[in-house]
Structures are given as structure tokens and as C-alpha cells.
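Asker: Got a structure for you, written out below as C-alpha cells; questions coming shortly.
The values are calculated or read from the model by the stated rules, or taken from the named source; none is laboratory data. Note that the structure is predicted; figures quoted are calculated from it, not measured. For neighbour counting, all protein chains shown are included, and Cβ atoms are generated from backbone atoms with ideal geometry for every residue, glycine included.
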Amino acid sequence: MSTRDGGLSLLRRASRVGENAPRPDGTLKVRGEFAYSSDLYAEGMLWGATVRSTEVHARICSVDISGALATPGVHVVVTADDVPGSPYYGLDGDDQPVFASAVVRHLGEPIAAVAADHPEAARLAASRVVVEYEPLAPLLDPERALTAEPIHPNGNLFRHLPIRKGDPDATGDVVVEGSYATGMQDQAFLGPESGLAIPDSGGDGVELFISTQWLHVDRDQVAACLGLEPERVRLTLSGVGGAFGAREDISLQVHLCMLALRAGRPVKMVYNRAESFFGHVHRHPSRLWYRHHADRDGTLVKVEARLLLDGGAYLSSSFHVLGNAASFAVGPYRVPNVVIDSWNVRTNNPPCGAMRGFGVVQSCFGHEAQMDKLAAALGHDPVELRLRNALGHGDTCATGQRITGTLPMAEVIARTAALPLPPELTEHTPMLALPGGAGRCADRSRVVRGVGFAASYKNLMYAEGFDDFSTARCRIDHGVVTVHCACAEVGQGFVTLVCQIAREVLRIDDVVVAPADTVEVGSAGSTSASRQTWMSGGAVEAACIAARDRVISELALRSGVEVASLVLVDDRVVSGDGRVDTTMTEAAAGLVVDETREFHHAPTQPLDENGQGDAHVSFSGTAHRAVVDVDLDLGLVRVVQIATAQDVGRALNPLAVGGQIEGGVAQGVGLAVMEEIVVDGGRIRNASFTDYLIPTALDMPEVVWDLIEEPEPGAPFGAKGVGEPPVVSSTPAVVAAIRAATGLALDRVPVRPQDIVRGRASTAT
Amino acid sequence: MNDEPTSHAVTPEVGYVLRVNGREHRIEAAWSGESLLWVLRERLGLSGSKNACEQGECGSCSVLVDGRLVCACLVLAASAVGAEITTVEGASPQGVLTDVQSAFLAEGAVQCGFCTPGLVMSVHDLLKANPEPDDLEVREAISGNLCRCTGYGRIFAAIENTVAARRGAES
Ligand code: FES
Ligand code: FES
């Protein structure tokens, strides 16, 4: 792979750590030649389609596949009866059926799959699978989950997590209370779920090309369901069109392999957009209750909270989403006394799991609304109040963990507040830039501006005792470096970072990133939890250091000098006596070096019965200031600007960090004002991009960002993961700004036009 | 999910010729309901046009049909007979990136890249019609191209730089 072709010929040399390195896959991507999982082709391949439940909760009386089998072009139909191995899978525990057999627990649950020679034939056949249901009363209200009949043998409670810190009876001079709610958000990646499975000729193994966030954990789940040894199932990452948490769970992987093994032919499957809404988990909707106590000077005394997350029909990662929601429920503030109870429950709503921000987004909406309420009650400036209580190095979190690394929260807050504001709204502001945008419906005199502020912090890496290590392999063959790591590149730019780290460590410019797979290299862990820069970055660094050391010791041997006398000076290896002076590329010529290393972070602990413990590895803080214009009559909001300072440890590729910030802000703005999967009676009402809106170029505010670089001890190159923080506090900042503009309480996201219009109508009377 | 699909199994098959990126392609025994996007991707192997929604909402399938920017997912392939179709594969035929493509790379406008081919087509179309668009004109012109990764900021920067470079090249 070349990084110096096309428009990049101006680069003097290949970029290293800390520089704006270009993507090694960029040229292919701009030319439309990058192969995503939906672009794959194999000779003689069939097309798969899934049969999904049309009921929310029902007993399955019978499944008749004869009509499907009789459809011209159909080769195989598989159901629960055909699952060769474990009938269940799942991330935090396997409670989700590959295919529903006795009961369906949510709308769109897979019941069967079909493979045919044309996708339309497969879909037609799928529509001819006749399922007879006996409807059951659906459990739709999460508040009823704990008292209702269990809708699954494992019960309706995914997790209850209490947090008790300090004195539960402590009280403050000023007390504010509030209830809040967040809606169900979709990750809405653009590249649909898709893959290609190719059976081994003997039928006792399968190769799967797939978009995922964690190849090895997919492999283990797929192998278990297929009843095959893990090494008989070989996964290769194909191009991934975004992920944001939605590719952590299995979707079509097992179905695809079953079809291919049964048909004895390659099978490709591509969800369409509507199916994608049923094919992956979403962000948990939440109901939150908070009571904050503070002294008159604004010092927080106690936070009480109750958090309820609706996990939908299956467990997915609900256990750990709740761990995060509760751990960070008081926000980035020093709170000596904490009383939290939190629950994640099972219902017949669509299953929920990982999405960028992973539980912290929900509680942040609550704690930041509370901080503003508290500031108002005290008559304090909201930014000052946050500064006064800002968490930092040496302080303890709600979970009793002392922050031993960096967490410059005060600086994050102060620098966000100091960023320049956008120009005032004037009579010359073009209609297109007003609320309603291209609808050109705004009445300028009825548009009001508001400014809001929010701060947050979030953990990096997996938590609660999980050792989410990563593996990397560095091979130097006659001066060409090949780095192999199973880390899923989902768009974030890890492949760029691999090149930067390898060049930085090895001082050799020719670096090739090998395709990620489960055959040639061990697990890299998941591309989630803002962890790959640290974990796989660390593994790549360690493997490259080992390879470099081998090259240098071989050179010492050849040159008859002590290894210790050789030092790296820029791109050269030189000995103190001047006898050796060569480039690393020359030193590596004629050598083949192959080193594999595993990287582990410092161990963490599970939370105890009081929700206390050193459960998290590291933290990153961020703050957002939002400026909005609101059309008071139509309830339309235009987000004008988001300003943000983010604690990044060290920016290894500033342009890529900026891209993560802007992209994360877009998703936070989306949740604030437009994004919600509307679920009515357990049914998704807006499973399309026509009805589920994500921000367009016209919706997107200007984003002004500032990076706070305090290198994190223990992190490779001092860098913290940057992917999730931008999404966490941008949502509450926007809502705070809308509150400022409208004077309304607005306790739920997304804020819809009717919330503003009706809210104003009811406060006027 | 609830739509009753129709299939090639129940409708007549057709054969026709499409002219794509200056070359004629014969399509044989195709189901007449196939979209231009599907035919480009699956019958002609031109998978640069993407399939993020297949319902005209995302712009990832943007192509030119007789010089007009359209969503290939909304065009019946058989209805494009006789038209000149240009896809992203035809945007940089000689292997040299266009200025727009280079600017996307230099400005970090590409993350997962699923939206990128459609945006490349849209931006070329915009700059052809309006070589000096202001910020809002850019936003409006590409508001039919969804991107879920970038928040568009780097994309705006790439367009701005292309415009500036073209202006510089002219003067
Ligand atoms: S795939 Fe054509 S507009 Fe989305
Ligand atoms: S870069 Fe991923 S959708 Fe635009």
C-alpha cells in the first residue's frame, strides 16, 4: 500500500506520531475501490434473506417453509431446527436465539433465513415462510419489568447496580430535583450489515468476510452456534462502513454461515436500511431521577439518583452499559456522598446495547440538567459552578476510585468557555441559516438565540475487571514492514495510526498494514470504548519495539559492536565509536524479523455491593458549549455552533482527532434535536432514513475545538482514546441552550418541535 | 419489512445495453425491476456507487445520468438505456485523483468512506455549476449526501480548498 500517491505527493516523508498522517486506505476510498462487506463477490454465490417476526411478543405455533422452498431460484431455507451448535449467543451472556423457535420477544426477531440465486427471489421466498403465532401480552413499560411475568427464562432484570459512597443521610443547603428521559437512538452507520460466507469444500469449516468491531469474539460466538472448533471458522474483516457500537453484536454472521454450509456455496447477505433498524441493537432509552444537594457556596454535598434503562428483549451488552451509566452518573465533579440505584431491564421493545458513549450519554443528560438547575437555584453562573466542583487528578469518583492519571476537568471547562462565540443573529442572516433551513419558513422576529453548557467524563477501555488485551505482529522482510493486528478499522483511522507508530518506532517508511483476520494473529479486542488507540496502539508499539531490537542486535552482531553502544539518531543507527552509522532500512536489509506482542492495560476490579472499586482504567474529560437559534412559533431549532475542549492526552493525528470530535458532535446534536427510533407498542415506526433523521450538512453547526494535551501515564505515546467523549456532553449542551432560548424545562431528548410549541402554549396559559 | 416483494421469478427478464463511463455494457436476462444501482454494482462490478439506503435519502449512490446528478437507487436500470452514465469509477479514469478527491484526503474528509464516492460526485457537480459557492451553498448542495462519521467539517474544508486551488490556478 502506498501512502504517497495521488494528491499526497507533496509530503516530504511519511508521517509519524503527532502529525496529520494521510489514511493508507484513503485513495481506494475516494475512488470507490475500497471493498466494503456489501461489495464482495464470489463465483456462484447465492443471496441470503432473513424472515423476521411480525409480532412483538408471541408464541410460535408453527413455521411452514414449504412455500419458500418451492420458490424458483431458492436453494436452502434454515430455521432454529437447523442450528448445529448452541442455539443462543450474546455478549454479556448468551440469551439471544440464533433463530426464534418457541417464542418471539421483539418485532423483527429472526425466525428463518433463505438463500436464492437473486436477492429478490430470496426476499420473495422469505415472505412465503408462513409463521403461525399465538400473541402474548407484550411487556413494554420498563417500570413494570420487575413486577411483570418473566418474558425470558433468565428473568427480566439484566442488572441492578447500587452505588453508595459517603454518608447517605448528608444534606445540603440547596436541593434541586428533576426527572429526565432519553429516547432510543440509532447508530445509523451508512454501510449496511452485510457479509460473504464461503464454505470449506468438506463442509466442516467456513470463511466469513464481515463488517464487525471485534473479529475474535464474533468468531467464538459463530463457532459455538455452528458447533465447530473456533479455528474452523475463519473471519476476515472486510471494509466497514461505520460502526458506533452497532456492530458489536452478532447480526447476520451465524445465519450467513449456516446458509453457506447448507448450500455448499458462497452466500452473500446485505440488509437494506429498514432491516438494518431491526438487525442491530440501539442506544438504551432511559428514565432518570436526580436530587442534588449543595452548600450555599456551590460545593456539591450529595447526589441521589435512580436510573432505569430499557434493554429491550435481549441482554447484549446491557450489563456493562449500566455499569457505565451508574459509574459516571454524577458527572465530572467531586461528590463526597452518593446514593444511586440503577437498573437495566428486559422488555419486548427492540434490543439495546452499545452505542458510542455507552451508558454515559444517558446519565450525562440528567446530571448536566441538574447542574444548571442547581446554578439557577444558587444564583451562580453555570460554568463557575462546574469549575468549583471539577474533578481532577487525585480526586475520587462516585465509585470510590482515585484518579491517578490525568483528568484536567477544570481546564477543559475553562477552555471550552473561552472559545470564541459565533456572530450574532442579524437581519442579514440568510434564511437558509435560520431554524427550518431549506424550508425557509422562519419568521426572523420570532427567532431567539440561547447558549448552553455541559461537561462530562468517561472511561476508556473495558471495565470492571475485564482484561481486554490486544495483540499485534510486526514482520520486517528485507526492509518492508508489515504490521498485523486484528483491530477492526471501522473508519476511525487505526490503519493510519499503525503506519505512524511503526514508522516512529522503526524509523522505516515502508509500512504495510495487513488485513485484519482471526487466522494470522490473536485478538485485538473490540473497536469500542475508545480503546484501540491505547490497546492496539500499545500492541503495535510493543511488537515494533521488539522487531526494532532484533534488527539492532543483528546489526551489532554483524558489525562486532556491543548492542548497548548502538543508539538511534533520527532515522539512523549509530555506535558511539562511529564504526556503525547506517539507516534502519539498511540495517534491516537481508533480515526477516517476525515479532508478536500482547498488550494489557493495568488490571481493574469488579464493583462491590456498594458499587465501589477501581473498576476503570483511565478517564477522559470534555465540555461543550452550544449556541442555538429557536423559532418560537414553529419549535424548530438550528444549532449554530458547538465549542469544545477535549482532554486527549496527546493528539497522535490532530486532523483525525478533529474528525472524531466533529463526527461525535454530529451524533450528539442528532440526539438532542432529531434522532429517535419511535417505538409504539413495541413496533418501530420510523425504520428508514426518510423518517429517522440524522444531521445533514445543513443541520450541522460550526464546530470549534481545542485539544488539551496532558500526556496520560501508561498510555502509549500518552494518548487517550478520543472517539466517545464528543458525543456525551454535546447533547445536554444543546438542550441547555434551547432551555435558555425558550425558558422551558425540556426534560427529554430529543427535543421535538412539538415539545417547544406545546410547552410554550402550556406555560402561556 | 412488510412489503410484498416482486421477483425476477414472477416478472419477465429483459436484455439491454447501458453506456457507463464511455463504455457499452450488454446486460442479459435481467429482472426488469433492477435498479441502476444494483445493475452497476452487481452486474457490472462497479461497486463504487454505494447502497446505504436504497431509497433516495442518503446520496451514497450518486451518479450522473446524461450530466444530471441522480440517486442510482431510484433509477430503473432499464430506463437508463441510451443515456450516458458516469459513476465514481469514471471520475478519475486515468488513475490520477481529481482535485476534489485529493482534497478529501488531504483535509481528513474520509473516515469509513462509505459516503465518499457519492460526495465526490456531488461536489464535482456542484463546482461545475457554481465554481465559487459560499458556505451555505455548499451545505445546501451536499445536504442530500449523508455522512455519519465526519460531521461534515473536514468535507467543508476539502471543498473550500478545492475552490481556492482552482481560483489560484486560474489567476
Ligand atoms: S442508496 Fe441511493 S440515496 Fe441512498
Ligand atoms: S465517512 Fe463514514 S459515512 Fe461519511
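Asker: Considering only residues of segment B:110-147 that are over 15 Å from the mean Cα position of the chain (by Cα) and within 7 Å of chain A (Cβ to nearest Cβ), which is farthest from A:GLY191 (Cα to Cα)?
Answerer: Selected residue: B:LEU136.
Asker: Checking A:SER618 against (1) in the same structural domain as A:GLY405 (by TED's automatic domain parsing); (2) exposed (fewer than 13 other Cβ atoms within 10 Å of the Cβ), which test does it fail?
Answerer: All conditions pass for A:SER618, except number (2).
Asker: Quick check on segment A:165-202: of everything there that is among the acidic types (Asp, Glu) and farther than 30 Å from B:GLU54 by Cα, which residue is nearest to ligand 2 (Cβ to nearest atom)?
Answerer: Here the residue is A:ASP200.
Asker: Can you tell me which of A:ALA438, A:ALA442 is farther than 24 Å from A:ASP706 by Cβ and buried (at least 19 other Cβ atoms within 10 Å of the Cβ)?
Answerer: Only one candidate qualifies: A:ALA442.
Asker: Out of everything in segment A:179-205 that is surrounded by fewer than 17 Cβ atoms within 10 Å (Cβ to Cβ) and either within 29 Å of the chain's Cα centre (by Cα) or not assigned by TED's automatic domain parsing to the domain that holds A:ARG262 (or both), what residue ends up being nearest to A:LEU385 (Cα to Cα)?
Answerer: Among residues in segment A:179-205 that are surrounded by fewer than 17 Cβ atoms within 10 Å (Cβ to Cβ) and either within 29 Å of the chain's Cα centre (by Cα) or not assigned by TED's automatic domain parsing to the domain that holds A:ARG262 (or both), the one nearest to A:LEU385 (Cα to Cα) is A:SER179.
Asker: When segment B:148-171 is examined, which residues are found to be within 11 Å of chain A (Cβ to nearest Cβ), of a type in the set (Ser, Thr, Tyr) and either away from ligand 2 (no atom under 14 Å from the Cβ) or in contact (Cβ under 8 Å) with a residue 60 or more places away in the chain (or both)?
Answerer: Within segment B:148-171, B:THR162 is the sole residue that qualifies.
Asker: With the condition kept exactly as written, say whether any residue in segment A:745-759 is over 14 Å from A:VAL630 (Cα atoms) and among the acidic types (Asp, Glu).
Answerer: yes
Asker: If you go through segment A:190-223 one residue at a time, how many are under 23 Å from A:ALA524 (Cβ atoms) and assigned to a loop (DSSP other than H, G, I, E, B)?
Answerer: Counting residues in segment A:190-223 that are under 23 Å from A:ALA524 (Cβ atoms) and assigned to a loop (DSSP other than H, G, I, E, B) gives 6.
Asker: Quick one: what pairs do we get from segment B:29-53, first residue farther than 17 Å from A:SER194 by Cα and outside the structural domain of B:LEU119 (by TED's automatic domain parsing), second within 16 Å of ligand 2 (Cβ to nearest atom) and of a type in the set (S, T, N, Q), C-beta under 6 Å, 6+ apart or different chains?
Answerer: Filtered contacts from segment B:29-53: B:LEU40/B:SER49.
So that you can scan it fast, the table gives a plain yes or no per residue for (1) surrounded by fewer than 20 Cβ atoms within 10 Å (Cβ to Cβ); (2) within 14 Å of chain B (Cβ to nearest Cβ); (3) closer than 27 Å to B:PHE114 by Cβ:
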position	(1), (2), (3)
A:GLU229	yes, no, no
A:GLY241	no, yes, yes
A:PHE244	no, yes, yes
A:GLN253	no, no, yes
A:LEU256	no, no, yes
A:LEU259	no, no, yes
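Asker: Hey, any hits in segment B:96-107 for a residue that's within 14 Å of ligand 1 (Cβ to nearest atom) and facing chain A (nearest Cβ under 10 Å)?
Answerer: No, the conditions are met nowhere in segment B:96-107.
Asker: Show me the helices (runs of 4 or more DSSP H) found entirely inside segment A:668-765 where at least 3 residues are over 22 Å from the mean Cα position of the chain (by Cα) and under 29 Å from B:CYS53 (Cβ atoms).
Answerer: It comes to A:753-764.
Asker: Quick one: A:ALA514 ticks every box in (1) within 14 Å of chain B (Cβ to nearest Cβ); (2) out of contact with any helix residue (DSSP H, G or I) (no Cβ under 9 Å at 6 or more places or on another chain); (3) small (Gly, Ala, Ser) except a single one, so which number is it?
Answerer: (1)
Asker: Has segment A:671-686 got any residue that is among the aliphatic types (A, V, I, L, M), within 16 Å of ligand 1 (Cβ to nearest atom) and more than 23 Å from A:LEU707 (Cα to Cα)?
Answerer: The answer is no, given that none of the residues of segment A:671-686 is among the aliphatic types (A, V, I, L, M), within 16 Å of ligand 1 (Cβ to nearest atom) and more than 23 Å from A:LEU707 (Cα to Cα).
Asker: From B:GLY48, B:GLY56, B:GLY90, grab the single residue that is crowded, with 18+ Cβ neighbours inside 10 Å and either within 7 Å of chain A (Cβ to nearest Cβ) or within 16 Å of ligand 1 (Cβ to nearest atom) (or both).
Answerer: Selected residue: B:GLY48, the only one of B:GLY48, B:GLY56, B:GLY90 that is crowded, with 18+ Cβ neighbours inside 10 Å and either within 7 Å of chain A (Cβ to nearest Cβ) or within 16 Å of ligand 1 (Cβ to nearest atom) (or both).
Asker: What's the number of the only condition in (1) over 12 Å from the mean Cα position of the chain (by Cα); (2) surrounded by fewer than 19 Cβ atoms within 10 Å (Cβ to Cβ); (3) free of Cβ contacts under 8 Å to residues at least 60 places away in the same chain; (4) away from ligand 1 (no atom under 11 Å from the Cβ) that B:GLY82 fails to meet?
Answerer: Only one criterion in (1) over 12 Å from the mean Cα position of the chain (by Cα); (2) surrounded by fewer than 19 Cβ atoms within 10 Å (Cβ to Cβ); (3) free of Cβ contacts under 8 Å to residues at least 60 places away in the same chain; (4) away from ligand 1 (no atom under 11 Å from the Cβ) is unmet by B:GLY82, namely (3).
Asker: Please verify whether segment A:708-718 includes one or more residues that are within 11 Å of chain B (Cβ to nearest Cβ) and in contact (Cβ under 8 Å) with a residue 40 or more places away in the chain.
Answerer: No, segment A:708-718 has no match at all.
Asker: Hey, among the residues in segment A:377-413 that are without any contact (Cβ under 8 Å) to a residue 40 or more places away in the chain and aliphatic (A, V, I, L, M), which one's farthest from A:ALA745 (Cα to Cα)?
Answerer: Among residues in segment A:377-413 that are without any contact (Cβ under 8 Å) to a residue 40 or more places away in the chain and aliphatic (A, V, I, L, M), the one farthest from A:ALA745 (Cα to Cα) is A:ALA410.
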